[in-house]
Amino acid sequence: MSLTGLTRPWKDFSYGFLDASAKRELRRKMLKAVAVPGCQMPYASREVPIARGWGTGGLQVTCTLLNPGHTVKVIDQGADDSVNAASIRRFLTRVSGARSTWDTLEASLIQSRHRVPEEILREDQILILQVPNPEPLRPVEPNMSVARQMHADADYGRMWLQLYEQIVRSGRVMFGAAYPSLVHGRYVMTPSPIPRWDVPKLNMARHLTILSAGREKRLYAVPPYTRVEPLVFDDVPYKVEEHGHLTCYRSGLKGFFMNEIPQEDGGALHEVSDSHLGIKAIRQGDGEDVATGDTWYTNGEMGQ
Amino acid sequence: MTLALDAPRLVQTQPLMVLSGVSKRYGPVVALDDVSAEVYPGEVLGIVGESGSGKSTFLRMMNLEELPDAGTYTLDLPDTPGNLFELDRFARRMLCATRIGIVYQNPHQGLLMRNSSSGNVAERLLIAGERRFAVLREKAGDALAASEFPLDRMDAPPIELSGGMQQRVQLAKAIALEPAVLLLDEPTTGLDVSVQALVLDTLKRLQRDRRITMVIVSHDLGVIRTMADRVMVMRRGQVVEQGLSDQIFQDPQHAYTQQLVHAKL
Ligand SMILES: Nc1ncnc2c1ncn2[C@@H]1O[C@H](COP(=O)(O)OP(=O)(O)O)[C@@H](O)[C@H]1O
Ligand SMILES: [Mg+2]
């Protein structure tokens, strides 16, 4: 008698790397997060084969949502070809049988670090943002249980005070990435370190956004058609980065969020940060038949 | 205003604040034992008593910072019915932020020491929902000016200010929303005598100009005598005597009060 004789032949019982009970917990927490927009839900963050701080939160959400019918896109600061994005993408397709893409239009799930794609996302797409620090109150309240109570009471005076202090000290609002925003008029969330440029894209968006922090074990969501309002005073308007007038030196695209590439002569070139949008523009220029979707910004201005 | 006009006012008006049967223990320590008080609109109630007699604890209850083991608390304001000790945490916090102002002896307790002074005042306005930066600046400036704080320093953090100035920032913060009652817990203790006199002057002027209802706690009879219309004497968590200021100081009835007054004179 051998051990093999006693056991059934090995068969996949799950896919997407995580076991079924881990995925069930994450699904429940995601449903809760959708039910209470912007409210942070704690979850038992599992081990995944990348280091904490490299997108483990996003990865767990993606692994849970993924099935062989999905097409997944992974971006790191807008780029599909960074080492981190490529590794995560390869991992995801291998463990789930899902297809992968660089094209925002083709993707059903988009896992992203620090950017929202420039092409308008649809109702059938889900954006998963990797979050390092989910707690917007941390700078004003280091005690996390007090912070939770402040969220429960919608006690955001100190948050607004931070804004006041920045304007008094520096003459302008200093929040850059991760601009604190009020979700559905109730919870203040940090939209992960996306630039100010990307925050308005979350407001009344057609797509679902799930934000997940693996190290901090929290996830939260912005459901479709939900208000996301950056905290601003009535008389000090919200300003996005001044990229509207910049032109991408490779693709010729203009009016999108750009990466700055410093040059030896002290000047700088600019390259469109949503790298595949740039690639599509170049291919179109070469006469290829590639589709580009409508974009949130037109000529550097956010549409209504 | 003459006494002849003042006395009937005290007699006729409804009290603004009524606390009754307030008790609080901390383990074996009885900090408050069945304490009651009434405060009338526009008057200044002084609370004196030796250290540890429960004065600060009583003030914290008035500020709804802490809840007693027993007792009731009502404020005669349009939108605040019932026993305030029974409000939920959220309602208590809103009431405390918008209708009650407090100045603590220790400015660290009342101020964010590293934020700007104007910001400390503006926070109150922000809690009340003000979202216009220009209005925040203006109103914070007004409150600081009313507290006789030098406006060229309005953006300095309290940590860089003198003790007297820190108390003025606390005062500005406390009056920014024109509260129904202003609570002062030893506001001048620990200040130099000359500074103390200036801060008391400011308080007196505010009281005269705005008729703010105040409760002032001190172990210093001199401070109470300058400020208070009525005095409550506390000892070991109980009220041993209360009455009009002049009456208490000239004709103290309780042995403890007599001791206090004579020690002072
Ligand atoms: N948070 C607390 N925990 C334990 N004991 C306290 C607390 N607050 C006050 N006490 C005690 O209650 C009594 C009254 O204190 P307090 O109200 O501060 O007196 P006062 O302000 O008149 O000096 C004191 O014996 C004090 O030690
Ligand atoms: Mg005290």
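The values are calculated or read from the model by the stated rules, or taken from the named source; none is laboratory data. Keep in mind that this is a model prediction, so the values were computed, not measured. Methodologically, a virtual Cβ is constructed for each residue, glycine included, from the backbone with ideal geometry; neighbour enumeration extends over all protein chains shown.
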Only one of B:Arg131, B:Arg114, B:Arg137 is in contact with a helix residue (DSSP H, G or I) (Cβ under 9 Å, 6 or more places away or on another chain) and free of Cβ contacts under 8 Å to residues at least 12 places away in the same chain, namely B:Arg131
Subject >> A:Asp265 vs. criteria within 14 Å of chain B (Cβ to nearest Cβ) and in a loop (DSSP other than H, G, I, E, B) >> reply: no
query = Condition test on B:Leu144, is it within 16 Å of ligand 2 (Cβ to nearest atom) and either surrounded by 24 or more Cβ atoms within 10 Å (Cβ to Cβ) or under 20 Å from the mean Cα position of the chain (by Cα) (or both)?
reply = no
Filtering the stretch B:78-90 down to residues that are at the interface with chain A (Cβ under 10 Å from one of its Cβ atoms) and of a type outside the set (Asp, Glu) yields B:Arg89, B:Phe90
Output for Cβ contacts, cut-off 9 Å, separation at least six or different chains, first residue closer than 19 Å to B:Gly141 by Cβ in the stretch A:149-170, second at pLDDT 95 or above and hydroxyl-bearing (Ser, Thr, Tyr), reads A:Tyr164/B:Ser116; A:Tyr164/B:Ser118; A:Glu165/B:Ser116; A:Val168/B:Ser116; A:Val168/B:Ser118; A:Arg169/B:Ser116
Within the stretch B:114-140, restricting to residues that are acidic (Asp, Glu) and in a helix (DSSP H, G or I), the one that is farthest from the other protein chains (Cβ to nearest Cβ) is B:Glu138
Output for Cβ contacts, cut-off 6 Å, separation at least six or different chains, first residue aliphatic (A, V, I, L, M) in the stretch A:24-44, second outside any loop (DSSP other than H, G, I, E, B) and surrounded by fewer than 17 Cβ atoms within 10 Å (Cβ to Cβ), reads A:Met41/A:Lys32
B:Thr72 fails exactly one of (1) part of a loop (DSSP other than H, G, I, E, B); (2) more than 16 Å from ligand 1 (Cβ to nearest atom); (3) polar (S, T, N, Q), namely (1)
| query | Is it the case that the stretch B:31-45 has a residue that's away from chain A (no Cβ under 14 Å), free of Cβ contacts under 8 Å to residues at least 24 places away in the same chain, away from ligand 2 (no atom under 16 Å from the Cβ) and in contact with a strand residue (DSSP E or B) (Cβ under 8 Å, 6 or more places away or on another chain)? | reply | yes
Subset of the stretch B:78-112, residues outside any helix (DSSP H, G or I), within 16 Å of ligand 1 (Cβ to nearest atom) and not aliphatic (A, V, I, L, M), comes to B:Tyr104, B:Gln105, B:Asn106
Being within 30 Å of A:Thr62 (Cβ to Cβ), touching a helix residue (DSSP H, G or I) at 6+ places or on another chain (Cβ under 6 Å), within 14 Å of chain B (Cβ to nearest Cβ) and not aliphatic (A, V, I, L, M) narrows A:Pro223, A:Pro191, A:Pro230 down to just A:Pro230
Selection from the stretch A:138-150 of residues within 12 Å of chain B (Cβ to nearest Cβ) and closer than 20 Å to B:Leu87 by Cα yields A:Gln149, A:Met150
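Per-residue answers, yes or no, for (1) within 26 Å of B:Ile248 (Cα to Cα); (2) among the acidic types (Asp, Glu); (3) touching a Pro at 6+ places or on another chain (Cβ under 9 Å); (4) away from ligand 2 (no atom under 13 Å from the Cβ):
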residue	(1), (2), (3), (4)
B:Gln14	yes, no, yes, yes
B:Val29	no, no, no, yes
B:Leu64	no, no, no, yes
B:Thr72	no, no, no, yes
B:Asp79	no, yes, no, yes
B:Glu86	no, yes, no, yes
B:Ala91	no, no, no, yes
B:Val103	yes, no, yes, no
B:Pro107	no, no, yes, yes
Those residues of the stretch B:177-206 which are away from ligand 1 (no atom under 16 Å from the Cβ) and in contact with a strand residue (DSSP E or B) (Cβ under 6 Å, 6 or more places away or on another chain) amount to B:Pro179, B:Val181, B:Leu182
Exercise for review: Inspect all residues belonging to the stretch B:180-189 and state whether any of them is at positive phi and acidic (Asp, Glu).
Suggested key: yes
Picked from the stretch A:91-138 (must be of a type in the set (S, T, N, Q) and part of a loop (DSSP other than H, G, I, E, B)), the residue surrounded by the most Cβ atoms within 10 Å (Cβ to Cβ) is A:Thr104
